[in-house]
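Please treat every number below as a calculation from the coordinates, not as lab data. This is a predicted model, so every value here is computed, not measured. Cβ sites come from the backbone with ideal geometry, for glycine too, and all protein chains shown count toward neighbours.
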Amino acid sequence: MKLRVSCDLQFNISVSTPFILMLRPRSGTQQWVAREEYRISPRVPVHEFTDNHGNFCQRLVAPAGSFAIHTAAEIYLADMLMRAPEAPFVEVQDLPDEVLKYLLPSRYCEAEQFGQLATEITAGQTPGYDQVSAIEAWIRASLRYDARFSGLFVSAGEVNARQSGVCRDFAHLGIALCRSISIPARMVVGYLYKLEPMEMHAWFEAFVAGRWYTFDATQPYLRSGYVVLGIGRDAADVAVYNQFGPPVYPVIQNVSVQCLKEI
């Protein structure tokens with residue numbers, strides 16, 4: 001599958017404002033970036049760096065006035081997402097060093113609160129992939145998607161208490177449940193083909209059998225079409241933009257995903 005993804009943001013800024021952006025996808029095991037566009041208006045100096053999670057980030061200072069960002073990419077994806085029922089749990093002492101940080105509680109994923117619930121949800125499942133599948137299915141059946149919570153960042157504990165939220169909240173709860181039974185899990189933000197309504201999307205990945213697998217409780221079933229922009233411990237690590245100073249919000253925010261070629 002070949003997709004064209006794009007994001008357009010426009011801000012009205014009262015004073016010059018530092019930004020950190022995370023809008024460039026990178027090639028990896030599940031996607032290959034064939035072509036990119038990145039335009040900023042007015043043009044300003046941009047410094048790019050790679051953060052602690054391997055994400056491409058851009059630093060800049062936007063001047064006062066209208067400030068616009070356009071990004072687009074053509075990306076090849078596998079026609080099917082990898083699944084691995086019965087793939088085994090990896091003992092903590094055997095995990096790669098770089099994966100260990102995804103076992104720890106984080107700002108929005110207080111894993112230490114969920115051990116008993118995760119044990120109940122996964123009872124009888126083969127340790128590893130099947131446990132995560134059971135968690136995904138439980139969240140899908142138990143939580144109600146409610147777009148009214150899109151602007152409210154809360155922890156996994158609060159999401160579980162109210163039993164509703166948006167994609168970010170579903171992912172936080174899945175991550176916390178996985179970590180509570182010693183399965184590394186991380187937040188992913190990016191694009192999803194045929195998402196309704198079309199906007200940036202969040203899901204989670206879990207590490208079993210020596211690799212990361214995709215899980216998404218907001219969708220009725222997993223399909224190809226996920227384009228990764230950023231990964232991190234939770235939503236605090238994967239904002240597509242952070243700005244510093246007086247708060248500014250996009251006056252225009254358009255996200256698009258088009259299929260250019262079915263493989």
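Some observations on this one:
- Phi-based couplings in Hz for segment 108-117 (Karplus 6.51, -1.76, 1.60; Gly and Pro marked x): 9, 10, 7, 4, 5, 8, 10, x, 5, 4
- For segment 54-119, the fraction of C-alpha pairs farther apart than 18 angstrom is 73 percent.
- Total formal charge among the other residues, if their Cβ is under 13 angstrom from that of S106, Lys/Arg +1 and Asp/Glu -1: +1
- Set of lysines near K194 by C-alpha distance (under 20 Å), chain-local residues within fewer than 8 positions excluded: K2, K261
- Taking 7 Å steps out from each Cα toward its Cβ at A84 and K101 produces label points 2.2 nm apart.
- Using a cutoff of 8 angstrom between alpha carbon atoms and counting only pairs six or more residues apart, the relative contact order for segment 73-199 works out to 31 percent.
- Computed from the C-beta positions of S14 and N254 and an R0 of 25 Å, the FRET efficiency is 0.65 to the nearest 0.05.
- Correct option for percent of Cα pairs over 34 Å apart [calculated from the coordinates] among (i) 23; (ii) 18; (iii) 12: (ii)
- Remark on C109: its backbone amide H falls under 5 Å from those of A156, a criterion applied only to residues 5 or more positions apart or on other chains, H modelled at 1.01 Å from N.
- Summing charges over neighbours of D169, with a neighbour being any other residue whose Cβ is under 12 Å away from its Cβ, gives +1 when K and R count +1 and D and E count -1.
- Dipole of the chain computed with +1 at Lys/Arg Cβ and -1 at Asp/Glu Cβ about the Cα centre; of L222, F67, C178, farthest Cα towards the positive end is F67.
- For segment 92-237, the dipole from Cβ point charges (+1 on Lys and Arg, -1 on Asp and Glu) about the Cα centre works out to 280 debye, to the nearest 20.
- Mean projected area of the convex hull spanned by the Cα atoms of segment 186-263, taken over all viewing directions: 7.2 nm².
- Positive-end ranking of N55, Q10, Q131 along the dipole of segment 1-148, with charges on Cβ about the Cα centre, is headed by Q10.
- Principal semi-axes in Å for segment 92-237 [√(5λ), Cα gyration tensor, largest first]: 21, 17, 15
- Residues whose placed amide H lies under 5 Å from that of V90, excluding near-sequence neighbours: A209
- Rounded to the nearest 0.05, the FRET efficiency derived from the C-beta distance between D51 and T119 at R0 = 35 Å is 0.55.
- Length added when fully stretched, V61-T29, from 0.36 nm per residue minus Cα-Cα: 8.2 nm
- Rounded to the nearest 500, the 222 nm mean residue ellipticity of the chain from helices alone is -5000 deg cm²/dmol, with -39,500 (n - 2.57) taken per DSSP H run of at least 4 residues.
- Segment 68-166 - charge dipole about Cα centre, Lys and Arg +1 at Cβ, Asp and Glu -1, debye rounded to 20: 540
- Note on the chain: with a GNM built from Cα contacts shorter than 10 Å, the maximum mean-square fluctuation among P250, P197, P88 falls on P197.
- Using C-alpha pairs under 8 Å with a sequence gap of at least 6, the mean separation divided by the residue count of the chain gives a relative contact order of 29 percent.
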